[in-house]
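Notes follow the structure.
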Amino acid sequence: MGARSAPRLLPLHAVRAGAPVEDGRVRRRHRASPGRVLHHHDAEGELLQLPSRPGTRPGAAAAAGGVLGVLVRRAEAGAPARPAGRRLGPGGLWLLRDGKKKLNLRQRALSGVRWTAAENLFNVVSGIVFIAVLARLLQPQAFGLMAIAAVVLGFSQFFADMGISNGIIHRQDVSESQLSTLYWVNVAAGLVVFGVVVALAGPLATFYREPELASVIMVAALTLLVQPFGQQFGVLLQKELHFNLLARIGMASRFCGLVAAVLLAWSGAGVYSLVYSAVLTAALETALTVVFGRRIHRPRLHFRPAEVRHFFSFGAWQMGEAVINFFNANLDSLLIGRLAGTEALGLYSVARQLVMRPAEIVNPIVTRVSTPVMAKVQDDLARLRAIYLQTINHLSSLNFPIYAAIAVFAREITLLLFGEKWLAAVPLIQILAAYAAVRSTANPVGSLLLARGRVRRGFWWNVGLLVLLPAFIAVGATWGVAGVAWSLLAMQCLLLVPGWLLLVRPLCGAGFRQYHAQLIVPALAAAAAALAGFLAASAVPGTIPRLAAGLAAGAAVTLVVYRAWNREFLEALAAMVRRG
């Protein structure tokens, strides 16, 4: 049997001595010969050309005196001690067939999804606990000051990264020298952005009429100095599919930061308990990322900007869209701090963080599945339309009843989580719950834009929102922070039809009735559940019993409505739960 009939190996094949061998990564051809070792690195491990040995028969090629391509697993966190496959001899060399390798990659991808979901759930739950505990120890003004600082730093981080991270993930042929140059570019950019933020701290404090804001921003800006040292390592770990390690690093760092914040707030540190917590979290995450990331790449003292010019051009459009999205998501906090003061901003910030948590859990679960599926059927408009409409229905079916419950029981939730001094936030929670419910229906449009490759259309849509949003907020601010919340809700409702007309219909051909019909049953179910929950709670004394009775009644009504008119959603939800 010839060498080409040997057990299949990727990306090298078993070949006869002297036959050409192609390195799958750098695309070079070599002459195979006994005793010669060819190195090839990829996400799975190191490919070596193993000289045949007398008495070793791992296939017909060895019997013919040939040379085998062997995959040697790298030692990594979570890797099994005994790789799947057949041992070829001493030295820890194992022959991995195609099916085994693909299965291993699939298992790593699924493991990554589970760990990413676990980290996301941990962040959401810990965030609620974090707010609930600190809201009893700090005043609303502290949350207002930190909200402004967080927006300033979040905006600055886009310029510290400059889209380089996405470029490293996108390109599969990044050299060691390019990585070293990009590493020092990130470090230098972080230093420059840190200097700019510190210089602007004073003027920002004057703009918001809050002298303490200057020192808050200066201390929090230390994260801009720390994070660039670990940024590239985190990107490389992500590129090599080490999501389990990244999730553990993130959760451990966040947990330590939360504990530090509570202890500092308990000791009377005020707003600086939030600031020091953010700096500590960034420092821990960076340190751990550097420790584990250096196993993949160790930057050298090498700096040649000309060889990484294409990374900046790649990231320019993505960074521009990300900056606009960031402004659209946080412009309300910036303007409320100026127009209504930091105490009002603190109430608004806590209410908004609470309200946005359900969508942060629900939306990724649905869109994580729908995005790649839409991409696969992007040329079949009928199937793409059906999948998109189903996604809208599923998101609405999950989110609408949840936000209806938050709106109806905002007072009980506030008392349980934050205490009586935060009761002024109850109207904000109720208005923002309706806003978040409507806003959640726009989330799948991003998946549709990616599937059809129309990201530029999404960019200009976001530019339009950036023009409209300040006008709505300025008008709403006339009636205080509650007026701002009402204006956001009004704008989101007014955008439903333009969003369908300019984005949904051109991309998947969904008609007006088709699109909005997906929202009717979930909206009616949420309204009926809200009424049933309110009536059930009215007959029960006590905060916790009222909440329990109302939620039970609302859930029962929602289930009845869905069984009658939205059974397909219940079946899809049951199937998702069974698959785990």
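The values are calculated or read from the model by the stated rules, or taken from the named source; none is laboratory data. Just so it is clear, the structure is predicted and the values come from calculations on it, not from any experiment. All Cβ positions, even for glycine, are placed from backbone atoms using ideal geometry, and neighbour counts span all protein chains on display. Calculation scope for accessible area: heavy atoms of the full protein, side chains included, ligands and nucleic acids excluded. Shrake-Rupley method; radii C 1.70, N 1.55, O 1.52, S 1.80 Å.
Looking at the square roots a ≥ b ≥ c of the eigenvalues of the Cα gyration tensor of the range 312-456, which shape do they give, rounded for a/c under 1.5, prolate if a/b is larger than b/c, or oblate? Write out the running numbers ahead of the final one.
On the way: a/c = 3.44, a/b = 1.55, b/c = 2.22.
Because a/c hits 1.5 or more and a/b fails to exceed b/c, the range 312-456 counts as oblate.
Got a sec to turn the phi values of the range 230-237 into Karplus ³J(HN,Hα) couplings, 6.51 cos²θ - 1.76 cosθ + 1.60 with θ = phi - 60°, whole Hz, x for Gly and Pro?
Result, ordered by residue: x, 4, 5, 5, x, 5, 5, 4 Hz.
May I ask for the Kirkwood hydrodynamic radius of the range 459-562, worked out over all distinct Cα pairs and given in angstroms to one decimal?
Values: mean 1/r = 0.0597 Å⁻¹.
16.7 Å is the Kirkwood radius here.
For the range 221-291, which whole-number percentage of the solvent-accessible area (1.4 Å probe, protein heavy atoms only) is attributable to carbon and sulfur atoms? Please list the in-between numbers first.
Working: 2050 of 2820 Å².
Whole-percent figure for carbon plus sulfur exposure: 73.
What are the ³J(HN,Hα) couplings of the range 430-436, residue after residue, when phi is run through the Karplus curve with 6.51, -1.76, 1.60 and θ = phi - 60°? Round to Hz, x for glycine and proline.
5, 5, 5, 5, 5, 4, 5
To the nearest 20 debye, what is the magnitude of the charge dipole of the range 106-340 about its Cα centre, counting +1 on the Cβ of each Lys and Arg and -1 on the Cβ of each Asp and Glu?
560
How many angstrom lie between the C-alpha centres of the range 356-418 and the range 197-274?
29
Within the range 202-272, list the trypsin sites (Lys or Arg not before Pro) lying in a DSSP loop whose Cβ has at most 13 other Cβ atoms in a 10 Å radius.
Values: sites: Arg209, Lys239, Arg248, Arg254; in loops: Arg209.
Passing both the DSSP loop test and the Cβ count: Arg209.
Work out the charge dipole of the range 342-579 with +1 on the Cβ of Lys and Arg and -1 on the Cβ of Asp and Glu about the Cα centre, then indicate which of Leu381, Ala404, Leu489 is farthest towards its positive end.
Sorting the options by dipole projection puts first Leu381.
Quick one: Cα convex hull volume of the range 342-579, Å³ per residue?
On the way: hull volume 31.0 nm³, N = 238.
Residue-normalised Cα hull volume stands at 130 Å³.
Express the C-alpha Rg of the range 106-340 as a ratio against the empirical globular expectation 2.2 N^0.38 Å, rounded to two decimals.
On the way: Rg = 18.6 Å, N = 235, 2.2 N^0.38 = 17.5 Å.
Working it through for the range 106-340, the quotient is 1.06.
I need the shape label for the range 406-493. Rule: rounded when a/c is under 1.5, else prolate if a/b > b/c, else oblate, with a, b, c from the alpha carbon gyration tensor. Can you show the working numbers first?
Values: a/c = 3.66, a/b = 1.75, b/c = 2.09.
It comes out oblate by the Cα gyration axes.
Taking 0.36 nm per residue of sequence separation and subtracting the Cα-Cα distance, how much length would be gained by fully extending the chain between Glu360 and Ala424, in nm to one decimal?
Gain on extension, Glu360 to Ala424, equals 20.6 nm.
Leaving ligands, DNA and RNA out of it, rank Phe229, Phe243 by accessible area with a 1.4 Å probe, largest first.
Working: Phe229 90, Phe243 55 Å².
So the residues, ranked largest to smallest area, are Phe229, Phe243.
Per residue, what accessible area does the range 342-579 have, given a 1.4 Å probe and all protein chains present, in Å²?
In whole numbers, the range 342-579 has 46 Å² accessible per residue.
Just name one of Val467, Leu417, Leu345: the one whose Cα is farthest towards the positive end of the charge dipole of the range 342-579 (beta-carbon charges, Lys/Arg +1, Asp/Glu -1).
Val467
In Å, what Rg and Dmax follow from the Cα atoms of the range 139-261?
In order Rg, Dmax, the Cα atoms of the range 139-261 give 16.7, 51 Å.
Taking loop as defined by DSSP and a crowding limit of 14 other beta carbons within 10 Å, which chymotrypsin sites (Phe, Trp or Tyr not before Pro) in the range 321-420 fit? Before the final figure, lay out the partial values.
Values: sites: Phe326, Phe327, Tyr348, Tyr388, Tyr403, Phe409, Phe418; in loops: Phe409, Phe418.
Those that pass, being in a loop and sparsely packed, number zero.
Suppose we keep just the alpha-carbon trace of the range 210-306; what are its Rg and Dmax in angstrom?
That works out to 15.9, 52 Å for Rg and Dmax.
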